[in-house]
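The values are calculated or read from the model by the stated rules, or taken from the named source; none is laboratory data. Note that this is a predicted model, so its numbers are computed, not measured. Using ideal geometry, Cβ is built from the backbone for each residue, glycine included, and neighbour counts are taken over all protein chains shown. Each accessible area value is taken on the protein alone, full model and side chains, heavy atoms only, with ligands, DNA and RNA left out. Shrake-Rupley method; radii C 1.70, N 1.55, O 1.52, S 1.80 Å.
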Amino acid sequence: GRKEALALLVRKLESEEDGGSVSGLGKDGKPIERKLVVGDTVAALASEWRRPGVRGGAFDKLAPDADRKRARATIKRWLELQHAAIVAGKPHDLRAPDPVDDGSGWRLDAP
C-alpha cells in the first residue's frame, strides 16, 4: 500500500513517451502495426495483476489509440481502487504473485 508505488504506476500509465511498436493481425485478419506509448506497456503489465475472474481482461496493444487510452484510464482507476482497499485493510482484486523458484528443489538435466 505504498503511495509512492501507486504514484509511479499512475505517472507511467499516463506517459505518452514513445514505447516502440507492435504488429499483429487485426480482428479482420489483416496485418496491422501500432505505435505504442510507455503507458501501453505499463497497462499491459498491470492488467495481468487482476485476480482470475475479475472483470477487465487483458490489455489489447493492437487496439486503436483512443481505445488504448480509455483502457489505460480504466486500469489507472482500478489500481487506485486496489490501493485504497489495501490501505483500508479491505479485500482487493490483485492476484497473488507466482511462487519464486529459489533453486532448492530437485533438478533433472538428463535427456
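So here's what we get for this one:
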item	result
Accessible surface of the chain, 1.4 Å probe, proportion on carbon and sulfur as whole %	56 percent
At R0 = 41 Å, FRET efficiency that the Cβ-Cβ distance of ASP65 and TRP106 yields, to 0.05	0.25
Residues of the chain: accessible area per residue with a 1.4 Å probe, Å²	74 Å²
Where GluC sites (Glu not before Pro) fall in DSSP loop in region 1-105, at most 15 other Cβ within 10 Å	GLU14, GLU16, GLU17, GLU48
Exceeding the 31 Å Cα-Cα cut-off - candidates LYS3/LYS30; LYS69/LYS90; LYS27/LYS90	LYS3/LYS30; LYS27/LYS90
Qualifying trypsin sites (Lys or Arg not before Pro) in region 5-74, DSSP loop, other Cβ atoms within 10 Å at most 15	LYS27, ARG55
Compactness index (Cα Rg / 2.2 N^0.38 Å), the chain	1.32
Chymotrypsin sites (Phe, Trp or Tyr not before Pro) restricted to region 1-106 and DSSP loop, no more than 14 other C-beta within 10 Å	TRP106
Over region 16-75, relative contact order from alpha-carbon pairs under 8 Å, at least 6 apart, %	31 percent
